[in-house]
Every structure is written in C-alpha cells, then in structure tokens.
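What follows draws every value from the coordinates through simple rules; no lab data is involved. None of these values were measured; they are calculated from a predicted model. Backbone-built Cβ (ideal geometry, glycine too); neighbour counts: all protein chains shown.
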Amino acid sequence: MADPDCRLYLITPPDIVPVSFADTLAKTLDAGDVACLQLRMKDASDDEIRRAVDILKPITQSRDVAFLLNDNAQLAADTGCDGVHIGQEDGSTAQARAALGDDAIVGVTCHDSRHLAMQAAEAGADYVAFGAFFITATKMPKTMVAPDILESWSMATTVPCVAIGGITVDNCAPLITAGADFLAVIGGVWDYDKGPEAAIADFNTAIASNRAT
C-alpha cells in the first residue's frame with residue numbers, strides 16, 4: 001500500500017560552496033514539496049560546517065523545511081539545527097537525543113537491518129533509514145536492500161522510514177508503493193538532466209501518482 005505521506009528528503013551535494021549554492025538551494029526548495037534538507041559535508045572542518053549552517057539554515061527554515069546536520073549531534077545542537085542524522089559509527093541514538101533535546105529530530109542509518117532499526121526506534125529515533133536500494137555514485141554503499149524491507153517495517157511500526165541510495169524520478173515508484181515515508185535524494189535532484197527545480201517537481205508528481213495506485 002502506498003504511504004499517503006511520502007515526501008522528499010533532500011541531501012546537499014557532496015562538494016558545495018555555501019555562498020554560491022544558496023541561490024540554487026532557494027530556487028530548488030521553492031519548486032515543490034520538500035520535508036527536510038540534510039547538510040552533508042563529510043570532509044569539512046567544524047568551522048566550515050558552521051559557516052555553511054549560518055548561510056543555508058535560514059533559507060531552509062524560512063520555507064518550513066527542517067534543517068538537519070549529518071553525523072555530528074553536538075555540532076547540530078550548537079548551531080541550532082532542527083536535528084541530526086547519524087550513522088552506526090557516529091554515537092548512539094541516546095547520545096544524540098541528549099545533545100539535541102526532546103524536540104529535535106534524530107534519524108539513524110540502519111543499512112539493511114531491521115534489528116538495527118528496531119534498536120534505534122526503541123532508543124527514541126524519529127526515523128530510520130534503509131539502503132542503498134540502487135547503485136549510487138555518491139558513495140560506495142555498505143549494503144544493498146530490496147523494497148520489501150520498507151513494507152515489512154511499515155507494517156510492524158509507526159516509526160517513519162527513509163529510503164536512500166541511487167533514487168531517481170525513474171526508479172522511485174516501487175519504494176513509494178512499498179511504504180517509504182521519505183525518499184532521500186542527492187544526485188537524483190542535483191544531477192537531474194532538466195535541473196534540480198524540475199527534479200523536485202517531477203519527484204512530487206511521481207509521489208502523487210503512486211499514492212493513488
């Protein structure tokens with residue numbers, strides 16, 4: 001059954017110059033529904049991340065889009081982000097919750113593991129992320145997973161699930177119908193052949209179409 005609340009979860013491109021990226025981000029967020037933006041700057045220093053947050057967070061939050069930071073819960077708290085996304089090597093869900101407080105969003109990468117997802121959910125995660133579902137050029141995926149994990153998770157719990165990994169306008173339909181609450185997208189938006197604004201519009205059309213099936 002299609003999830004009626006499936007929405008886009010946008011992740012920043014791997015290499016951004018925040019000042020020049022700001023206008024692109026604003027136009028992209030204005031092109032259609034986006035639930036949240038995750039700032040992902042893997043090789044940047046804390047100071048560089050702070051400057052990026054200062055530039056990009058107001059653009060995001062002014063459009064009622066949640067602004068999340070990747071990996072670092074304490075830095076997310078210090079910079080006033082709406083939440084954090086952590087991997088399995090980035091500290092525990094409980095530690096992230098302690099750093100950010102009860103009102104922040106804490107999401108956890110769970111790869112292909114329902115067990116890890118259940119542990120995260122029981123520890124208070126606001127969402128769990130499964131993937132990769134498709135080959136992705138962003139990074140080498142640790143695991144590949146089939147859409148049925150989304151269906152079984154959605155049937156077992158109310159904790160939202162995020163699908164990530166190589167998702168495009170052309171291949172997202174099975175993930176929506178399987179029960180993904182969010183589609184986490186990087187290259188599928190920023191590298192879209194018609195441009196990121198068109199990608200947002202086309203993803204939202206795909207979501208709406210598959211809700212009705």
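Taking a point 7 Å from the Cα of Gln88 along the Cα-to-Cβ direction, the residues of segment 108-122 with backbone N closer than 13 Å to it are 109-120. Taking label points 7 Å from Cα along the Cα-to-Cβ direction, Asp191 and Gln74 give a separation of 3.5 nm. Label separation (Ala44 vs Gln61): 1.6 nm, computed from points 7 Å beyond Cα along the C-beta direction. If a spin label sat at a point 7 angstrom from the Cα of Lys142 along the line to its beta carbon, the backbone N atoms of segment 62-92 nearer than 18 Å would be those of 70-73, 84-92. With a cut-off of 10 Å between beta carbons, the residues surrounding Val108 carry a summed charge of -2, where Lys and Arg count +1 and Asp and Glu -1.
If the chain linking Thr205 and Ala26 were pulled fully straight, counting 0.36 nm for each residue of separation and taking away their Cα-Cα distance, it would gain 62.4 nm.
Along the axis of the charge dipole computed for the chain (Cβ charges of +1 for Lys and Arg, -1 for Asp and Glu, origin at the Cα centre), the listed residues Ala198, Ala66, Gly101 are led at the positive end by Ala198.
In the chain, the calculated helix contribution to ellipticity at 222 nm averages -11500 deg cm²/dmol per residue, counting -39,500 (n - 2.57) for every DSSP H run with n ≥ 4. Count Lys and Arg as plus one, Asp and Glu as minus one, and take only other residues whose Cβ is under 15 Å from that of Asp64; the net charge is then 0. Under the convention that each Lys and Arg Cβ holds +1 and each Asp and Glu Cβ holds -1, the size of the dipole of the chain around its Cα centre is about 180 debye.
Count charges around Val159 for me, please; just the other residues with Cβ under 11 Å from its Cβ, Lys/Arg as +1, Asp/Glu as -1. If you can, show how the numbers build up before the last one.
Details: positive: none; negative: Glu122, Asp126, Asp181.
Charge balance near Val159 sits at -3.
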